[in-house]
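Report on the structure given below.
The values are calculated or read from the model by the stated rules, or taken from the named source; none is laboratory data. Keep in mind that this is a model prediction, so the values were computed, not measured. Reconstructed Cβ throughout: ideal geometry from the backbone, glycine too, with neighbour counts over all protein chains shown. Each accessible area value is taken on the protein alone, full model and side chains, heavy atoms only, with ligands, DNA and RNA left out. Shrake-Rupley method; radii C 1.70, N 1.55, O 1.52, S 1.80 Å.
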Amino acid sequence: MIAISDEVADLAEGLGVEYTRIANPLRKALFSVERAPGSDFLTVGDLMRRKNQRFLIDAFLEYARRGGPGRLLVAGSDSDPRYAAECRDAAAALPGRIEFLGRVDEATLLTMLARARAWVTTSLRETSSIALAEALASNCPVLSFDVGTARAQVDDRAGIVLPVGSSVQDVATALARIGDGTRSTARSAVAAQHPDLVAKATLAVYRTVLRGH
């Protein structure tokens, strides 16, 4: 078996199935993003309670009240319309500073990742977050709670990881620190997920299996 995540690898190991760990590939275009960061923050994910965007909005409002520049750009569809309405109501406290973009196409996402000060999330539960990995591949600094693979992938040069349960004030302070001009090396954290490397590793597995038969 080829395991494309730690979760699949753990399952295979528990079942006694022989496996090879190969990273889940990301789109090649992400690795070619040329960063020209501005002052806006980007969060990506369908609006739902698990993703915890309402909390992030409250933290951004606190950041803005402290004089922090930029906007919070929220990309994602309204998976939970009632929760989405709560998020929009909270954002109305500071008109013009929080924008809900809905689902965006690939070209728009790449442009936003290039121009964002940082990619941010306060999601309460993740496994291997594709959105986080895409931000890292684009060399965009990230701010995340300590869920899923965040702690393993994000070092001091790639962004900030906060404990789940951090306060609005904690996140507001982190927003002021993230992307402060330090050159990000986020891309190196997901180098193994470049599709060319994944293809070569997969081909090597196929050749090994064929030689065995």
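Using a 1.4 angstrom probe, figure out how much accessible area the stretch 1-103 has per residue, in square angstrom, rounded to the nearest whole. Walk me through the numbers before you get to the answer.
Values: 5410 Å² over 103 residues.
Per-residue accessible area for the stretch 1-103 comes out at 53 Å².
Electrostatic tally near LEU175: other residues with Cβ closer than 11 Å to its Cβ, Lys and Arg +1, Asp and Glu -1, net 0. The order of the peptides 92-102, 39-49, 132-142, 77-87 by mean Cβ neighbours within 10 Å, most packed first, is 132-142, 39-49, 77-87, 92-102. Evaluated with a Cβ-only charge set (Lys, Arg +1; Asp, Glu -1), the stretch 58-115 carries a dipole of roughly 300 debye about its Cα centre, given to the nearest 20. Taking every alpha-carbon pair under 8 Å whose residues sit at least 6 apart, the stretch 34-92 reaches a relative contact order of 50 percent. Per-residue ellipticity at 222 nm, computed for the chain from helices alone with -39500 (n - 2.57) per DSSP H run of at least four residues, works out to -11500 deg cm²/dmol. A simple spin-label model places the labels of ARG157 and ASN24 2.6 nm from each other, with each point 7 Å out along Cα-to-Cβ. About the centre of its Cα atoms, the stretch 72-213 shows a dipole size close to 500 debye [charges on the beta carbon of Lys, Arg (+1) and Asp, Glu (-1) only; nearest 20 debye].
Projected label points at ARG125 and SER79, each 7 Å from Cα along the beta carbon direction, are separated by 1.1 nanometres. Over the chain, Cα pairs under 8 Å with separation of 6+ residues give a relative contact order of 24 percent. Which whole-number percent gives the relative contact order of the stretch 76-195, counting Cα pairs below 8 Å spaced six or more residues apart? After rounding, I find 22 percent. By the gyration tensor of its Cα atoms, with a ≥ b ≥ c the square roots of the eigenvalues, what is the shape of the stretch 26-78: rounded for a/c under 1.5, prolate for a/b over b/c, or oblate? Note, shape of the stretch 26-78 comes out oblate.
For a paramagnetic label modelled on ASP196 (point 7 Å from Cα along Cα→Cβ), amide N atoms under 12 Å away belong, within the stretch 13-52, to 28-29, 31-32. Each label was represented as a point 7 Å from its Cα along the Cα-to-Cβ direction; for VAL164 and LEU15 these points are 2.6 nm apart. Here the stretch 61-213 exposes an accessible surface that is 53 percent carbon and sulfur, computed with a 1.4 Å probe and the other protein chains kept in place. What the stretch 113-210 shows is 46 Å² of accessible area per residue, with the surface traced by a 1.4 Å probe over protein heavy atoms.
In this Cβ point-charge picture (+1 for Lys and Arg, -1 for Asp and Glu), the stretch 1-110 has a dipole of about 480 debye about its Cα centre. Placing a label point 7 Å from the Cα of MET1 along the Cα-to-Cβ line, the residues of the stretch 197-211 whose backbone N sits under 18 Å from it are 202, 205-206, 209.
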